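Engineer: One structure coming up, written as structure tokens, with questions to follow.
The values are calculated or read from the model by the stated rules, or taken from the named source; none is laboratory data. Quantities reported herein were computed from a predicted structural model and do not represent experimental measurements. No Cβ is skipped: glycine too gets one built from the backbone with ideal geometry, and neighbour counts run over all protein chains shown. Only protein heavy atoms, including side chains, enter the accessible area calculation; ligands, DNA and RNA are left aside. Shrake-Rupley method; radii C 1.70, N 1.55, O 1.52, S 1.80 Å.
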Amino acid sequence: MRNFITVNDIGDIKEAVRKAQYVKANPFADSHLGKNKTMLLIFFNSSLRTRLSTQKAALNLGMNVIVLDVNQGAWKLETERGVIMDSDKPEHILEAIPVMGSYCDIIGVRSFAQFQSKSDDYSEKILNQFIQLSGKPVISMEAATRHPLQSFADLITIEEHKRVERPKVVLSWAPHPKALPQAVPNSFVEWMKAADYDLVITHPEGYELDPSFTEGCRIEYDQKKAFEGAHFIYGKNWSAFNDPNYGKVLSTDRSWTIDSEKMALTDNGFFMHCLPVRRNMIVTDEVIESANSLVIPEAANRVVSAQTVIKEILLGLQ
Ligand code: CP
């Protein structure tokens with residue numbers, strides 16, 4: 001593996017889960033692999049889990065780690081080529097990226113959708129510049145359209161808890177006061193399809209995701225019907241994808257909040273969410289604190305997904 005951007009980069013998905021299980025059982029078995037190698041983590045957006053789990057994963061592999069918050073302490077970056085740089089952005093990303101690449105062996109990048117241009121977001125403009133200009137392997141730590149380290153951790157968590165070979169997994173939209181990207185749901189769909197689970201997506205009308213991700217998926221606009229018999233409920237908010245509403249909040253309808261009454265429709269289903277989560281908007285206190293809530297083991301598995309990915313990239317650098 002050179003870069004880790006989509007589910008396609010991980011190879012055979014069953015083999016990837018097996019590798020992750022090995023990493024989880026033997027977290028320090030490969031601590032020699034990263035000796036004298038440096039991991040650089042670049043954040044254009046805030047993070048708790050990704051920041052800590054990716055650092056922990058790299059440290060477990062014996063790497064040195066450098067973290068840069070671009071918006072705190074670095075020069076403001078111009079990202080458009082051809083502009084006259086007389087604004088408040090003194091450095092161009094076209095110089096900054098190769099400089100960053102010269103300081104490390106692997107780069108992790110977090111760069112969310114900016115909701116100014118759907119084509120810029122969906123062409124992964126920032127992430128692709130890192131791939132093209134850094135000269136180093138790039139790991140997406142959540143980009144504009146996907147969050148593969150999260151989805152890999154979600155898959156590992158489902159494999160650990162499933163009671164049937166092919167579980168029913170429901171991705172449910174839930175309300176949120178602010179416009180959130182589609183990266184987590186897009187990526188979740190991509191990975192659940194690759195795992196060949198019985199995937200159902202439920203959301204209010206108007207919240208259809210990019211059809212290139214959801215092609216072949218069952219979409220159910222009746223949330224309660226979707227929950228019937230489910231083994232896993234994956235709660236998440238996202239903003240509208242379709243024009244002219246791209247990046248907008250169309251509804252904060254709290255009848256879509258995931259509560260105990262809806263969870264009772266499932267087959268003793270587990271609740272999942274990538275976190276951070278707005279309690280009593282997305283999910284009630286009762287559900288997230290229940291014995292069937294997997295949010296903490298799911299977050300813990302972020303170390304496992306990151307370590308499995310970094311290990312594969314390091315093996316390719318040997
Ligand atoms: N789930 C996730 O990526 O969390 P952070 O935004 O805190 O990294």
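Every residue, every condition in (1) within 30 Å of N60 (Cα to Cα); (2) in contact with a helix residue (DSSP H, G or I) (Cβ under 9 Å, 6 or more places away or on another chain), yes or no:
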position: Y234; (1), (2): yes, yes
position: D243; (1), (2): no, yes
position: M263; (1), (2): no, yes
position: F270; (1), (2): yes, yes
position: C274; (1), (2): yes, yes
position: R278; (1), (2): no, no
position: I282; (1), (2): no, yes
position: S293; (1), (2): yes, yes
position: R302; (1), (2): yes, yes
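Engineer: Identify all residues within region 1-35 that are outside any loop (DSSP other than H, G, I, E, B) and among the hydrophobic types (A, V, I, L, M, F, W, C); write none if there are none. Break it down into steps so the answer makes sense when it comes.
Structural biologist: Taking region 1-35 as the starting set, the residues that turn out to be outside any loop (DSSP other than H, G, I, E, B) are 4, 7-10, 13-25.
Hits for region 1-35 are F4, V7, I10, I13, A16, V17, A20, V23, A25.
Engineer: Just for region 82-129: of the residues that are more than 29 Å from V184 (Cα to Cα), part of a loop (DSSP other than H, G, I, E, B) and of a type outside the set (V, I, T), which one is most open to solvent (accessible area, probe 1.4 Å)?
Structural biologist: Filtering region 82-129 for residues that are more than 29 Å from V184 (Cα to Cα), part of a loop (DSSP other than H, G, I, E, B) and of a type outside the set (V, I, T), the one most open to solvent (accessible area, probe 1.4 Å) comes out as Y103.
Engineer: Please work out which one of (1) open to solvent by 70 Å² or more (accessible area, probe 1.4 Å); (2) more than 16 Å from the ligand (Cβ to nearest atom) is the condition R278 fails and give its number.
Structural biologist: Only one criterion is unmet by R278, namely (2).
Engineer: Please give the number of the condition K236 fails out of (1) open to solvent by 60 Å² or more (accessible area, probe 1.4 Å); (2) within 16 Å of the ligand (Cβ to nearest atom).
Structural biologist: (1)
Engineer: So, in region 130-154, of the ones that are part of a helix (DSSP H, G or I) and away from the ligand (no atom under 14 Å from the Cβ), which residue ends up surrounded by the fewest Cβ atoms within 10 Å (Cβ to Cβ)?
Structural biologist: Q132
Engineer: For residues in region 18-64 being of a type in the set (A, V, I, L, M) and open to solvent by 40 Å² or more (accessible area, probe 1.4 Å), which is nearest to the ligand (Cβ to nearest atom)?
Structural biologist: Taking the candidates together, the pick is L48.
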